[in-house]
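Following: one structure in structure tokens, then a few remarks.
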Amino acid sequence: MEILSSFIKNPRKTTYGGEDNDEKIIFLLRKSVIVNINWVTVAFILLLLPLFVSPPLSKLTYMGMRVINPGFILALNLFWYIFTIGFIFQNFLAWYFDVLMVTNKKVIDIDQSCTDVSETTLSNVQDVSSKVKGTWGVVLDIGDIFIQTSAEQREFEFLDVSNPSKVRDEIADLVAKIKKRNGS
Amino acid sequence: MVPNLPIRQLVIAGKIIVILIMVLYAVFAFILTKRVKLMNANLTTPQSKLFERIARIHMVLSIFVIILATINL
């Protein structure tokens, strides 16, 4: 399923702001899906919470009279689920739009809020390296990609990538191929 | 002896606070629609229209729930 994919070759119908007419996105990289485990767990708890809170709340009485009417409890429950959907949506978008792209011309790094965009031409790329850190990184094969450049921004780093060795290899091969084609 | 608390007033005050929180959340939902539009402008994907639709429905529902809560005040 491409929507959950963290390494896409030749992504379909994908463009970025500032893309040239003759430019084509060859790789699109996202953080590993596993990094979302924290907020997914929280979302699961949030979804279950009304099942435990609503019944005692609806039974709350004072001097024989119900304290909160059923209509308001329904509104409260609905609000809670809308809030949970908002929480899931916001966190998913933060993961989805935090990308590193390699086109036939440039390397582009877009951060999670899509407000910071850094790019450099492939001719500026000097070195591509990867690093797997920690026990969980080794077990789950998650690591970081570093792209050294000769431009003003010295290094593009993209953290928590799945299969970082393979990704590093693919990017390095592509950069070498395009540099050779362009004679640089 | 049961204390004579102004329970009705306290409950209404509590409900008003909840509705105010819902209003604040609706403002956040509106801002989220704008953010999604900006994100899609910076990076257009096959799911762009779906994200905008979800953001819009989310905002409409957050307004609806305010109306529902106000009716049941």
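With respect to the stated conditions, A:G137 is in the same structural domain as A:S6 (by TED's automatic domain parsing), surrounded by 15 or more Cβ atoms within 10 Å (Cβ to Cβ) and free of Cβ contacts under 8 Å to residues at least 12 places away in the same chain.
Across segment A:1-52, the number of residues qualifying as in contact with a strand residue (DSSP E or B) (Cβ under 7 Å, 6 or more places away or on another chain) and of a type in the set (D, E, K, R) comes to 6. Can you find a residue in segment A:12-20 that is under 23 Å from B:T70 (Cβ atoms) and in contact (Cβ under 8 Å) with a residue 24 or more places away in the chain? For segment A:12-20, residues under 23 Å from B:T70 (Cβ atoms) and in contact (Cβ under 8 Å) with a residue 24 or more places away in the chain: absent. Of all the residues in segment B:3-32, those that are closer than 12 Å to A:F72 by Cβ, facing chain A (nearest Cβ under 10 Å) and in contact (Cβ under 8 Å) with a residue 40 or more places away in the chain number 4. Looking across segment A:121-141, not a single residue is farther than 17 Å from A:V175 by Cβ, more than 20 Å from the chain's Cα centre (by Cα) and outside any helix (DSSP H, G or I).
Of all residues in segment B:28-43, exactly one satisfies the criterion of being of a type in the set (A, V, I, L, M) and within 11 Å of the chain's Cα centre (by Cα), namely B:A29.
Looking only at segment B:38-55, which residues are more than 8 Å from chain A (Cβ to nearest Cβ) and surrounded by 15 or more Cβ atoms within 10 Å (Cβ to Cβ)? Answer for segment B:38-55, where residues must be more than 8 Å from chain A (Cβ to nearest Cβ) and surrounded by 15 or more Cβ atoms within 10 Å (Cβ to Cβ): B:N40, B:S48, B:E52. What is the residue count in segment A:106-120 for residues that are buried (at least 19 other Cβ atoms within 10 Å of the Cβ) and either in the same structural domain as A:L46 (by TED's automatic domain parsing) or in a loop (DSSP other than H, G, I, E, B) (or both)? The number of residues fulfilling the criteria is 1.
The values are calculated or read from the model by the stated rules, or taken from the named source; none is laboratory data. Worth saying up front: this structure is predicted, and the values here are computed from it rather than measured. Counting neighbours? That spans all protein chains shown, and the Cβs are built from the backbone with ideal geometry, glycine included.
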